[in-house]
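Contents: one structure, followed by commentary.
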Amino acid sequence: MQPEKLLYAKTHEWAAVETDAAGEKIATIGLSKHALELLTDLVFIDLPSVSDTAEAGETFGEIESVKAVSALYSPVTGEIIAVNDSVSDRLATLGQDPYDSGWLIKVKLSGEEELEELLDFAAYQKFCESEAH
């Protein structure tokens, strides 16, 4: 996925929203390259289970680096329909390919109102720059 086409939360998660064959909106969610660069050496990730519920703005897991443990926040609300368990065994995938093979969960949206709260790529870049100062 191209970072320029994703939506971003101010907590550094990204979302790619697509419509499946049944007409359901599905959000693939991951952690931005910017956040992963700040975390550096990853040692552990805790992800939810399929069929758990994700709530916008609430935690769905955590990621641990040698520096700190950070919560993962869902940018959307809905049912978790897929979890990328392979990243638990290969944490390097997150840093190497955060927007494709490094996705974390897929959520079937229960509504689309939260999408309006998310940032586009340009706004997210500006947000990251303002955080650095």
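The values are calculated or read from the model by the stated rules, or taken from the named source; none is laboratory data. Small disclaimer: the values here were computed from a predicted structure and weren't measured. Cβ atoms come from the backbone with ideal geometry, glycine included; neighbour counts cover every protein chain shown.
Within the stretch 87-133, if we keep just the residues that are outside any helix (DSSP H, G or I) and free of Cβ contacts under 8 Å to residues at least 60 places away in the same chain, the residue that is surrounded by the fewest Cβ atoms within 10 Å (Cβ to Cβ) turns out to be H133. Of everything listed in (1) in contact (Cβ under 8 Å) with a residue 24 or more places away in the chain; (2) surrounded by fewer than 15 Cβ atoms within 10 Å (Cβ to Cβ), the single unmet condition for I26 is (2). Within the stretch 73-80, can one find any residue that is at pLDDT below 95, of a type outside the set (G, A, S) and over 13 Å from the mean Cα position of the chain (by Cα)? No - not one qualifying residue is present in the stretch 73-80. Looking only at the stretch 37-45, decide whether some residue is free of Cβ contacts under 8 Å to residues at least 60 places away in the same chain, in a helix (DSSP H, G or I), surrounded by 15 or more Cβ atoms within 10 Å (Cβ to Cβ) and not polar (S, T, N, Q). Scanning the stretch 37-45, I find at least one residue that is free of Cβ contacts under 8 Å to residues at least 60 places away in the same chain, in a helix (DSSP H, G or I), surrounded by 15 or more Cβ atoms within 10 Å (Cβ to Cβ) and not polar (S, T, N, Q), so the answer is yes. May I ask you to verify whether A15 is at pLDDT 95 or above and either under 24 Å from K126 (Cα atoms) or among the aliphatic types (A, V, I, L, M) (or both)? When the stated conditions are applied, A15 passes them.
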